[in-house]
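Asks: Submitted below is the structure of interest, expressed as structure tokens.
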Amino acid sequence: MKEIKKINKKVSRVLGVILVIIMLMAVGFKYYASNYYRADMKAISEIEQSVIENVQTIKGDDLIVFAPKNSEPKAIIVFYPGGKVQYTAYSGLMYELADRGYTCLLPRMPENLAFLRVGTADDIKNKYPFEVQKYQDLDWYLAGHSLGGVAATQYLAGQEDGMYKGILLCASYTTSDFSNKDIRLLSIFASEDGVINTQSYEESKTKWPSDSEEYVIQGGIHSFFGNYGIQDGDGVPTISNTDQLIEAADAIDAFISRG
């Protein structure tokens, strides 16, 4: 009996230690996730005003839709935000793309981390089946910035329905192999990017599909694919944030139009 009590005490102590570790990890993660980059709403508002006559937005709890006002969309783009960046920070790029004729879906990620919901594209299909059905004949592209792009490629690698015609990477790379996939890929890279892991980026090129293109924004930086200031460790830009967004939107428009 005494031996059983001793064992029970030891088990209780071990479980107690494990519980404390889990609690500390949860608190640590919450603190880590709460320290994120906020959207620069002033800069975004200026872009919005420049395209207001051509673009309409529909805002839900977990999704913002940016759509051309005066024409049918050329294609649909689902955009995964970068890690630890408020999703609305990418509104500027979405406005520019919608102004060029694309309907863009910008989802909010839990804790601003796309890796916590890699299947967000499925969530959109399941929540808005009528809208997805309405535009199923259009080309669909999955896109993402930084770690959001990595998460997007992981999602796309597991899809067999052929819904997406291509992937658009902004300062990002793929960890999944698309070299034998019938899919298109555009990689937009900023010449002064000080954040991206360049070794991982270069190594990922062996995983690109045959229909791939790389576009380099001269003078651009990692952070300027959104409007949220400049990330720690990023390079020094020689172009403005707005100019980089315009160039990125032009590059995406040209790539999709060639498809």
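No lab work stands behind these numbers, since they all come straight from the coordinates. Just so you know, these numbers come straight off a predicted model, no measurement behind them. Here Cβ is always computed from backbone atoms with ideal geometry, including for glycine, and neighbour counts include all displayed protein chains.
Asks: Can you give me the distance in nm between label points at I52 and N180, each placed 7 Å from the Cα along the Cα-to-Cβ direction?
Replies: Between I52 and N180, the simple spin-label model gives 5.4 nm.
Asks: Counting only other residues whose beta carbon sits under 9 Å from that of H222, what net charge do I get with K and R as +1, D and E as -1?
Replies: -3
Asks: Please build a GNM for the chain, connecting alpha carbons under 10 Å apart, and tell me which residue among G229, G82, G162 fluctuates the most.
Replies: In the Gaussian network model the winner is G162.
Asks: Between V118, V132, V65, which gets the highest mean-square fluctuation from a Gaussian network model of the chain, Cα cutoff 10 Å?
Replies: Answer for the Gaussian network model of the chain: V132.
Asks: Can I ask one more? Sequence gap at least 6, Cα distance under 8 Å: using those rules, report the relative contact order of the stretch 109-249 to the nearest whole percent.
Replies: 18 percent
Asks: Rounding to the nearest 10 and keeping the result within 0 to 90°, find how far the Cα-based axis of helix 41-51 lies from the longest principal axis of the chain.
Replies: 30 degrees
Asks: Compute the signed sum of charges (Lys and Arg +1, Asp and Glu -1) over the other residues within less than 15 Å, Cβ to Cβ, of S204.
Replies: Details: positive: K181, K205, K207; negative: D177, D193, E202, E203, E213, E214.
Around S204, the charge tally is -3.
Asks: 222 nm [θ] for the chain, helices only, -39500 (n - 2.57) per DSSP H run of 4+, per residue, to 500? The partial results should precede the final answer.
Replies: Numbers: 8 runs with 103 residues, N = 259.
My calculation for the chain gives -12500 deg cm²/dmol from helical runs alone.
Asks: Considering only Cα-Cα distances, which of the following residue pairs are longer than 24 Å: K69/K134; K59/K181; K59/K205; K74/K205?
Replies: Working: K69/K134 17 Å; K59/K181 34 Å; K59/K205 36 Å; K74/K205 28 Å.
Check vs 24 Å cut-off fails for K59/K181; K59/K205; K74/K205.
Asks: Between F130, F224, F66, where does the largest GNM mean-square fluctuation fall for the chain, given springs only between Cα atoms within less than 10 Å?
Replies: Taking springs between Cα atoms under 10 Å, the residue moving most is F130.
Asks: If you don't mind, there's one more thing I want to ask. R0 = 22 Å: FRET efficiency of E111 with K134, Cβ-based, nearest 0.05?
Replies: Values: r = 32 Å, r/R0 = 1.43.
Efficiency for this residue pair is about 0.10.
Asks: Can you check what the net charge comes to around A249, using other residues whose Cβ is under 13 Å from the Cβ of A249 (Lys, Arg +1; Asp, Glu -1)? Walk me through the numbers on the way to the answer.
Replies: Details: positive: K74, R100; negative: E96, D99, D243, E247, D250, D253.
Net local charge, A249 excluded: -4.
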